[in-house]
Amino acid sequence: MSFDLAAIRAQFPILTRRIGNAPLHYLDNAATAQVPQFVLDAVSRFETTSRANVLRGVHRLAEEATAAYAAARQAVGRYLNVPAGEVVFTGGTTGAINLVARSYGELLSPGDEIVVSELEHHSNIVPWQMLRDRRGIVLKVLPVYDDGTLNLEDLGRLVTRRCRLIAVTHASNVTGAVTELAPIRAAASAVGAKILLDGAQRAPHGPIDLPSLGVDFYAFSGHKTFAPHGIGALWARRDLLEAMPPFMGGGEMIRTVTMERTDYAPPPHKFEAGTPPIAQAIGLGAAVDWLMRLDWAAISGHELRLTQRVLDGLPRKVRVVGPASLQRRLPVISFDVAGIHPHDICQLLDGDGVALRGGHHCAQPLMDRLNLAGTARASLALYNGDDDVDALIAGLDRAIHRLGRS
Amino acid sequence: MTDLYQDAIVAQAKAATRAGRLDHPDGSLTRDNPLCGDRVTLDIRLDGDRIGDIAHRVRGCLLCEASASAIGANAIGKTAADVAAAEKGVRDFLESGRPDPRLWPGLDAFAPVRDYASRHTCVLLPFETLRELMARASEKKP
C-alpha cells in the first residue's frame, strides 16, 4: 500500500471550497474533521432506502436497519481490535465519559479516589467533579510539564490503594502530546485501579489495538474521525459492562418490563436507551472501515513530516505550546504569538482561507497551569498537504506584521 | 486582510486608554468570557454616584482591548444608569447595525464587528463588566 494525497483529498468534497478568494486550508481537525463523500453516501443510502428503527420491527426496512447498525458496531470493534459486543454507541467522547462517570461511578464509595490530569479536556474533568460532588469520591490531579506533556514522576504517590480509576487523555487536544501509558498501567495494576483513555484526538490517526494498550475504558468521537456529528463510542470489557448499572432507562435497553420491575438487556444494549443515532452510526462504520484500509505507516510519516514543517516554519515571535520533538506526538500544534491574542490570529488567518482554532480549547486548567489565556492551534489530518502548511506560515507572518507590537 | 481589523479599532486597542490598575479602588470586578477565556478586570473610584476614575486590565483579544480602551476614554463622569444605557447601546448597535444615540464616542469604529456574531462578546465583555460593577457600587450606597 502507499499514500496518495490527491486521491485522499478527492474523497472530501468540502476541500474544494474557497473562502473568499482563497482555497480552504482546513487546519481545525482536532475540533471536527471533514467527512468523505462515501460516508455521506452511506448515510444517504440508509436514509433513502432502509430508514427504520432498529431492534424492534420485523419488516424488511427494520431488518435492514438493524443489520446495518450491527455492522457499524462490528466495524468499530475491528477498528479498536475488540469484540463488537463491547462497543457502546454514544453521542461522542463526552457522552461516553459521562456514561462511565454515571454508571461505573455508582460502583464507587465515598473516599474512593480518581486520578485525572491537568492536560484533560473539560469532558474528562467535569464529569469526575460532578461524581465527586455526588458520591463523595476524591479527585487527585496529575501535573504537566511546561511542554504540555504529563509529569508522571508523582504517579506512585498519587495512585494509592483507594484509587479506583485513572482517567487521562490518550493524546492532548492542546499540545498533541501522546500519553506514555506504561507507567500508568504499572501504577494502576499495583492497586487494582481501572484506566480510562480519552481517545478523541488519537482515534482519527489510525486503527487502535486496544488489547495491547492494557486499559479498561476507551472513548472516542465520530465527528473527529471523518464521520457525522452526534455519534461516538465507548469501549469497556464485557465483565465491566455487565457489572455497571444502566445509565439511562427507556426502550431498547430492556429485556422485560412490568409495572413492578425491569430486567435489562445485556451490554451493549443496556447502555443504549431509546432510538440510537442509526444513520450516524452507519456513517461512523463506513469511516472506520475506510481508515482500516489505508497505509498508516505512510500516513503517519506524512502527518509528522508536515508537523515538523510547521514547527520549523513558525515565525520567530511564535512559541510552541507542546513537545518540541515528534516523539509521542500527534499533528496538533498549539502556539502563542507574543502580543497577539489567539482569536485575532485565527480571525486574520481566516481571511487567508486558513481555518484554525483559538482559545482555551476546553482545557482551562491547562491554560491556567501554563499561564496562558489561550493558544492558536493548527491540527492536521491525513488530507492536509504542504499547501496548507505554506498558507499557515505565510498567514502568520502577515498577521504578526499587521498586529504585532514591538 | 479581513475587514474586521480596521485602523480605528487597532488604534483604539493600541491607545489602551487608562490601562492598568487603580490603587485603593472603590470597586473592582473581573469577568471571563467562558467561550474563549478572555478576562477583563475593571477598577473604579467613585465621585458621588459617578465614575471618578477607572482602569482596566485585559487578557483578551484586540477587540476586547479596544472596547476596554473606549471605556477608559469615555466612562469618567458617568453614572450606573449611563453605563447600563451605553452597554445596551453597544449591544443593539452590534445586533442591528443601526447607529444608536446611546453609543459613546468612538464606538462606531466597531461597525465591522456586526458581521461576526461570535466576536460580539469580545466587545461586550468590558461593558457587561462595567455595568455589573456600577450596579454593585450603586447597591452599596446608602
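Select from segment A:33-52 the residues that are surrounded by 15 or more Cβ atoms within 10 Å (Cβ to Cβ) and of a type in the set (S, T, N, Q) and list them in ascending order.
Of everything in segment A:33-52, those that are surrounded by 15 or more Cβ atoms within 10 Å (Cβ to Cβ) and of a type in the set (S, T, N, Q) turn out to be A:Q34, A:S50.
Could you list, in sequence order, all residues of segment A:359-379 that are of a type in the set (G, A, S) and either in contact with a Ser or Thr (Cβ under 7 Å, 6 or more places away or on another chain) or more than 10 Å from chain B (Cβ to nearest Cβ) (or both)?
Scanning segment A:359-379 gives A:A376, A:A378, A:S379.
Are any residues in segment A:76-111 assigned to a helix (DSSP H, G or I) and of a type in the set (V, I, T), and if so, which ones?
Residues satisfying the conditions are A:V76, A:T93, A:T94, A:I97, A:V100.
When residues of segment A:298-333 are filtered for being part of a strand (DSSP E or B) and in contact (Cβ under 8 Å) with a residue 40 or more places away in the chain, how many remain?
The qualifying residues number 4.
Kindly check whether there is at least one residue in segment A:380-392 that is surrounded by 22 or more Cβ atoms within 10 Å (Cβ to Cβ) and either within 13 Å of chain B (Cβ to nearest Cβ) or modelled with pLDDT under 95 (or both).
no
Does segment A:82-97 contain at least one residue that is under 30 Å from A:L392 (Cβ atoms), assigned by TED's automatic domain parsing to the domain that holds A:G176, touching a helix residue (DSSP H, G or I) at 6+ places or on another chain (Cβ under 7 Å) and surrounded by 15 or more Cβ atoms within 10 Å (Cβ to Cβ)?
Among the residues of segment A:82-97, at least one is under 30 Å from A:L392 (Cβ atoms), assigned by TED's automatic domain parsing to the domain that holds A:G176, touching a helix residue (DSSP H, G or I) at 6+ places or on another chain (Cβ under 7 Å) and surrounded by 15 or more Cβ atoms within 10 Å (Cβ to Cβ), which makes the answer yes.
Listed here are the residues, each with its yes/no results for (1) at negative phi; (2) of a type outside the set (A, V, I, L, M); (3) surrounded by fewer than 14 Cβ atoms within 10 Å (Cβ to Cβ).
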position	(1), (2), (3)
A:D209	yes, yes, yes
A:S212	yes, yes, yes
A:W235	yes, yes, no
A:P245	yes, yes, yes
A:G249	yes, yes, yes
A:R255	yes, yes, yes
A:M259	yes, no, yes
A:G274	no, yes, yes
A:G283	yes, yes, no
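Within segment A:334-352, can you find the residues that are small (G, A, S), within 11 Å of another protein chain (Cβ to nearest Cβ) and either buried (at least 19 other Cβ atoms within 10 Å of the Cβ) or not in a loop (DSSP other than H, G, I, E, B) (or both)?
A:G351
Residue by residue through segment B:118-142, note down the ones that are within 12 Å of the chain's Cα centre (by Cα), within 14 Å of chain A (Cβ to nearest Cβ) and among the polar types (S, T, N, Q).
Of everything in segment B:118-142, just one residue is within 12 Å of the chain's Cα centre (by Cα), within 14 Å of chain A (Cβ to nearest Cβ) and among the polar types (S, T, N, Q), namely B:T121.
Go through segment A:186-261 and tell me which strands (runs of 3 or more DSSP E), entirely inside it, have 3 or more residues that are modelled with pLDDT of 95 or more and within 22 Å of the chain's Cα centre (by Cα).
A:194-198, A:217-221, A:232-236
This table checks each residue for (1) farther than 30 Å from A:L349 by Cβ; (2) outside the structural domain of A:I208 (by TED's automatic domain parsing); (3) not in a helix (DSSP H, G or I).
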| position | (1), (2), (3) |
| --- | --- |
| A:I14 | no, yes, no |
| A:R45 | yes, no, no |
| A:A52 | yes, no, yes |
| A:L55 | yes, no, yes |
| A:V58 | yes, no, yes |
| A:E63 | yes, no, no |
| A:A68 | yes, no, no |
| A:A71 | yes, no, no |
| A:Q74 | yes, no, no |
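Taking segment A:265-297 on its own, how many of its residues are in a loop (DSSP other than H, G, I, E, B) and of a type in the set (S, T, N, Q)?
Number of matching residues: 1.
Identify, from the list A:I254, A:I278, the residue that is of a type in the set (V, I, T) and in contact (Cβ under 8 Å) with a residue 24 or more places away in the chain.
None of the others qualify; the one that does is A:I278.
The values are calculated or read from the model by the stated rules, or taken from the named source; none is laboratory data. Remember, it's a predicted structure, so these values are computed and weren't measured experimentally. Heads up, the Cβs are rebuilt from the backbone with ideal geometry, glycines too, and the neighbour counts pull from every protein chain shown.
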